[in-house]
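Each value in this text was obtained by applying a stated rule to the coordinates, not by laboratory testing. This one's a predicted model, so the numbers in the text were calculated from it and none came from an experiment. Reconstructed Cβ throughout: ideal geometry from the backbone, glycine too, with neighbour counts over all protein chains shown.
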Amino acid sequence: MNLLFRMLYVLLSTLFRPRIGTDEFGSRLRLRTLPNDLDINLHMNNGRYLTICDLNRVDLFIRSGLAKQMLKRKWMPMIADHTMTYKKPLKLFEPFEVELAVTHWDAKYFYMTHTFTAGGRVAAVGTSKGVIRSREGVVDPGLVMEAVGLAGRMPGTAA
């Protein structure tokens, strides 16, 4: 149930947050570890980190205008690969911040870094690669960025 509430929180908070523009293509959320996040060791379950990364992407999609384009064009986001490295446990009710940075893209994938911090320390770092798919197959990331008005503006874009 807390995932539903968190999704509602992200959806509502996007109404009050600035649009993601050319200076950064990423998302930052401030959250707190809740009882439903815990595993038997009483810290955040490893699978919950991946769900929180999904919330970061939802925030990015909405605030960049990509969600609107995906609905209009019948595109679907998909994660092809995701890895996490855990450094410090997140305990019950501990506040934390998670930052998503889209670092670059190539002819098929967007590459992202997810950084969880708490108390000024890195708790976990993840990397993922994802695609936007249409009925015809994978949509070129350059076309995706063009659709949201950010084509050619991200440093480090791979060819």
Quick one: which of 54, 37, 81 is under 30 Å from residue 149 (Cβ atoms) and touching a residue at least 40 places away in the same chain (Cβ under 8 Å)? 81
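Here is a yes/no grid of residues against (1) over 16 Å from residue 10 (Cα atoms); (2) acidic (Asp, Glu):
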site: 52; (1), (2): no, no
site: 55; (1), (2): no, no
site: 64; (1), (2): no, no
site: 81; (1), (2): yes, yes
site: 108; (1), (2): yes, no
